[in-house]
Amino acid sequence: MKRFSVLYLLKEDFHQIGCQTQAGAESLLQRLLADPKRTPVGIYDAKTELFAWEPFRQRVYNQSTTGEQGKLGEQIITIAEALRFSGTGEQRSRQPE
């Protein structure tokens, strides 16, 4: 299984694409930023279990309260892990309500 997952939204569903390296994941995230059909969310690192938001979402996250940050972090990591364990390659999951 690939260490990094790049998460993005497409038609209100979360999708992930696995990458072997952080550099590869960052490059893919940059390409998704230029794709009008997809909304990049960030990169999940399965080894450290940490999530790095894309730049705009990082600013929003930084301005959130500690409680909101905890909730957002827990939600996105749950989504990332569910996508990773649902199979290989590109997967999808519904946005939380």
**Complete:** Each label sits 7 Å from Cα toward the beta-carbon; between residue 31 and residue 63 the label points are separated, in nm, by 3.1
**Prompt:** Which whole-number percent gives the relative contact order of the chain, counting Cα pairs below 8 Å spaced six or more residues apart?
**Reply:** 33
**Request:** Rank 4, 30, 67 by how far each Cα sits towards the positive end of the charge dipole of the chain (+1 on Lys, Arg Cβ; -1 on Asp, Glu Cβ) and give me just the farthest.
**Result:** 30
**Förster-model FRET efficiency, 22 Å R0, residue 21 and residue 82, C-beta, rounded to 0.05** = 0.45
**Message:** List the lysines whose Cα sits under 19 Å from the Cα of residue 11, skipping any in the same chain fewer than 8 residues away.
**Reply:** 37
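With a ≥ b ≥ c the root eigenvalues of the C-alpha gyration tensor of region 1-75, is it rounded (a/c under 1.5), prolate (a/b larger than b/c) or oblate? Don't skip to the answer; put the middle values down first.
Working: a/c = 1.79, a/b = 1.24, b/c = 1.43.
Note, shape of region 1-75 comes out oblate.
If the chain between residue 72 and residue 49 were fully stretched, how many nm would it gain, using 0.36 nm times the residue separation less the Cα-Cα distance?
6.9 nm
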**Message:** Which order do the peptides 22-31, 69-78 come out in when sorted by mean C-beta neighbours inside 10 angstrom, highest first?
**Reply:** 22-31, 69-78
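Readers should treat all values here as calculations from the given coordinates under stated rules, not as data from a laboratory. The shown structure was predicted, so the numbers you read here are calculated from the model rather than taken from an experiment. For neighbour counting, all protein chains shown are included, and Cβ atoms are generated from backbone atoms with ideal geometry for every residue, glycine included.
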